[in-house]
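I have placed the structure first, in the form of structure tokens, so that the comments after it can refer back to it.
The values are calculated or read from the model by the stated rules, or taken from the named source; none is laboratory data. All figures in this text were calculated on a predicted structure; none of them were measured in a lab. Note: ideal-geometry Cβ built from the backbone for every residue, glycine included; neighbour counts use all protein chains shown. Surface areas here come from the heavy atoms of the whole protein model, side chains and all, with no ligands, DNA or RNA. Shrake-Rupley method; radii C 1.70, N 1.55, O 1.52, S 1.80 Å.
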Amino acid sequence: MNRAILTAEERACAHDAPMSRRRWLLAGGGLLGLWLLMLGIGVAAGRDKLAVIGVMALAAMLGGWFGAERAVPAGPRTMALSDGLAAGAMLASACVFLLPSALAGDPRGGGLGVTAGLLLGIALDRFMDARHSKRAGGDSVLVAITLHAAAAGAAMGLAYSAVPSLSALLGIVIIAHKLPAGYVLARARQAVGRSRLPILLPACAVGLVAIPVALLAGHAGGGGNTVLAGLATGIFLHVGLDFARQPTAGQAAASGTFVIAAAGAAVVVAAAGFSFG
């Protein structure tokens, strides 16, 4: 069964010509170069926290990508297990880490942003499904997670003075939602046989957006950052819900999907426990 799945994916991947792969590699190299330049500017301008957050976001998403690639040859049961863990972790991360931050300063503005993010995620799914049929999955998730990262980066840039101090807890928060997002995006693109190199776009987006926004806005917060934080949260929550509803790779393990997702959520809640009390 797994061999049949892999064969179908290999046939789909035949659409990626060698020239197209080279273009992706060149684009990815250029994007990483721009990201490194922006991080250097941020450090030189005293926005070191955003630079470190940008590095951690990139590393966590690449870690999720690596996990997705390693899960494929392990069999359908392992894929079902890892899919369920990622879905639960995404949902818990959105509710435990992102939602409170989005609602902290201005609950009404943050709630408006969350609503807009959820609706935007639904609109992206409908629009891209209509235009690209079954191959849209990987693209719609790519666009949604990139928008999430860009909105989160813009919110941090607008309210740089409110960005938490660098700590182990901040690292846990970033890893808890960026690593599952990288995994989900890689799995979505695997399913439709598309290149995973575009994962670099949302992985770099936090640093690419946060630092120039912080430099332009200074330390002034403004009310728009709560809406942006809510928007990022709503989009992330939509992706998590969407992935949780997808059929598991191993149908034999489908009956345990809820338990597996709950376990993934429990890991995030346990990590969040370091900040409770």
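Observations on the structure shown:
- Residue that is modelled with pLDDT of 90 or more and surrounded by fewer than 24 Cβ atoms within 10 Å (Cβ to Cβ), where the choices are Ala136, Ala150: Ala150
- Residue satisfying all of: in region 242-272; of a type outside the set (S, T, N, Q) and modelled with pLDDT under 65; farthest from Val184 (Cα to Cα) among these: Ala252
- A single member of Ile53, Ile41 is assigned to a helix (DSSP H, G or I), farther than 28 Å from Phe243 by Cβ and modelled with pLDDT of 75 or more, and it is Ile41.
- Residue satisfying condition, being over 22 Å from Ala86 (Cα atoms), β-branched (Val, Ile, Thr) and either modelled with pLDDT of 80 or more or surrounded by fewer than 24 Cβ atoms within 10 Å (Cβ to Cβ) (or both), within set Val192, Val206, Val173, Val163: Val163
- Qualifying residue in region 66-84 (condition: open to solvent by less than 20 Å² (accessible area, probe 1.4 Å), touching a Pro at 6+ places or on another chain (Cβ under 7 Å) and either under 18 Å from Leu237 (Cα atoms) or modelled with pLDDT under 90 (or both)): no
- Checking Gly117, Gly88 one by one, the residue that is within 15 Å of His148 (Cβ to Cβ), within 18 Å of the chain's Cα centre (by Cα) and surrounded by 19 or more Cβ atoms within 10 Å (Cβ to Cβ) is Gly117 and no other.
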